[in-house]
1. Roughly how far apart, in whole Å, are the Cα centres of the stretch 244-304 and the stretch 162-208?
2. How many percent of the alpha carbon pairs in the stretch 200-248 exceed a separation of 15 Å?
3. Nearest 5 is fine: what % of DSSP beta bridges in the stretch 63-210 come out antiparallel, could you say?
4. Using Stokes-Einstein with the Kirkwood hydrodynamic radius over Cα pairs, what translational diffusion coefficient do you get for the stretch 345-451 at 10 °C and a viscosity of 1.306 mPa s, in µm²/s rounded to a whole number?
5. Measure up 390/468; 151/269; 341/468; 246/468 against 28 Å on the Cα-Cα distance and list the ones that go over.
6. What ³J(HN,Hα) values, in whole Hz, does the Karplus curve 6.51 cos²θ - 1.76 cosθ + 1.60 give for the stretch 103-114 when θ = phi - 60°, with x put for Gly and Pro?
7. Using only the Cα atoms, what convex hull volume per residue in Å³ does the stretch 406-458 have?
8. Residue by residue through the stretch 473-480, which ³J(HN,Hα) values in whole Hz follow from phi under the Karplus form 6.51 cos²θ - 1.76 cosθ + 1.60 (θ = phi - 60°), with glycine and proline marked x?
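Please treat every number below as a calculation from the coordinates, not as lab data. Predicted model only: the values in this text are computed from it and were never measured.
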Amino acid sequence: MKSRSTGPRRPAPSIEGRRKPAAAARKPAQSKPSPRTELHVESGPSAKQGKDAAPKAANGAREPSERRVIRRFRPATAQAPFSRILIANRGEIAVRIIRACEEMGIWTIAVFSDADREALHVLMAREAHPIGPPPSRDSYLRIDKILEVAKRTGAEAIHPGYGFLAENPAFAAACADAGIVFIGPSPEAMEAMGDKVRARAIMQRAGVPVVPGTEALAGDAAEVARHARDIGYPVLLKAAAGGGGKGMRAVRSEAELPSLLAQARGEAKSAFGDDRVFLEKLVLRPRHIEVQVLADAHGHCIHLGERECSIQRRHQKLIEECPSPVVDEATRQRIGAIAVKAVQAVQYRSAGTVEMLRGDDGSFYFMEVNARLQVEHPVTELVTGFDLVKEQIRVAAGEPLRFQQEDVTMKGHAIECRIVAEDPARNFMPAPGTIQALRIPSGPGVRDDGGIYAGFTVPVHYDALLSKLITWGDDRQEAIDRMARALEEYRIEGVDTSIPFHRKVMRHPAFCSGDLHTGFLEEHPELVRADTDPWLDEIALVAAAVAHFRRIELASARGTDRTLLNAVSRWKWADRGFDR
Ligand code: MV4
């Protein structure tokens, strides 16, 4: 529900030298760190390049916005691949990477925009540095600022997470130029996979199955129509520079082609500055099935099975699972080998994903390579037992893979629900606000990868992902049952979230039977419809207030103990997760 409490804010967790925006920012720097800081600060391992481990201003005072963590730093027990990593991201994925680094004894350096001063990743990192105003183009997308922090703090490597600069070849190249390891593939591999027409051609040459289609088409509608006739309708227009469905148009007959071509070109031009489009045969009722791969710098590459990601809305995935309900072991090895062949065609290194489309007839086609760690990586982790972030860090440092294909076994089933600050009943409208109360589920088979805490204000500037709830079970049914149970336990007050939507999906017959395809939510609109009175929250609030004041009246009439007056209402927490 919408944030409406005006009660006192929870005090912010301690950040030494934290700078408040506006007025406070102009105060002179503290010349002396607080006694608490002096007493407990550990500066961590110093940089290999011999730079200062703890950046100090010329007078020895701490930079005003810098902070140091008071927790004891536990250096690596074994030889860590790096001693200091900068995380060029925010939210749940930054937290996820910090957790891997903590386990490996690697010192973490966070960066944050002005909107994220109190974000969880800032609180959890060993140190954190400001990189600019809230809009991502002024902060999380600023290659210069991020590299400046990396050099100043002696970071040996940068983990880009996903989104932002994760698939930007210029960033990967700039890291290399600065002598800093980019934890991801080479700029060349990224570049090759970024252009969808080029990627198609490379894959075709490597013997990877692609959907029947064309190269980039520069010509007019008549020429495009000739190609469409060859392929046979229905066809799909796609942007050459594209990805993520932008500039995509399904064409069912020649009559619709000219106007749809103009639309596709226009959208591609504005989204990518490149109006080249190409054609593919339209795959009907497809499933989105992707294969996780892991490759080192020594030519070794393994696959870690597939994920099914068909439940999405406007190319935003909402639920993912591992394994796919329609992939048997023989198919898994077949598409796994295709995925390995695909990434080896570009000398790919690091964790990556080969996205495939599965037609209703069981055929698999290459779609694209996601040259990054993906949001949904935890389902693969739970089923294979690998820690993908740690493996990514190890291969980035040049270590050979410690596993062979035979060492990869899959056990049980995992499902991930993306908890986003959007209102599913209002067409997934963004619902930023302050998290007023939070109860995170736990118990057997439950993992929550979150980036929030009670009291945190979800900034409006970034994507709406608050956390990912992942459950594991012996089989798909147990994973679903655990997800349904965990979703009942989950409470996020203050912002609307996708939790009620996920509760409905977990008991939907089509989902439970595994009958998934990319049009699932269009086929089952009841899952995204508001099914209760949107005023119910307000009515309940008024009822709670009336009950409260009646209690006060009774208490004063009877002269009862004052503690009754101080009782905190729990009305929102007593609803057993009633689906709104
Ligand atoms: C397709 C397709 C059907 N036929 N290609 C959408 C984004 C991009 N990654 C690939 N996409 C599609 N390509 C052919 N030849 C259907 C989609 C598609 C889709 C794919 C994956 C997940 C969700 C999707 C939703 C709509 C369309």
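1. Centre-to-centre distance over Cα atoms comes out at 17 Å.
2. Working: 630 of 1176 pairs.
Counting every Cα pair in the stretch 200-248, those more than 15 Å apart make up 54 percent.
3. Counting DSSP beta bridges with both partners in the stretch 63-210, the antiparallel share is about 10 percent.
4. Rounded, D is 91 µm²/s.
5. Flagged as over cut-off: 151/269; 341/468.
6. Per-residue couplings from phi come out as 5, 8, x, 9, 6, 10, 10, 9, 10, 8, 8, 4 Hz.
7. Values: hull volume 7.6 nm³, N = 53.
Considering the Cα atoms of the stretch 406-458, their hull volume per residue is 143 Å³.
8. The phi angles translate into x, 4, 9, 4, 4, 5, 4, 5 Hz.
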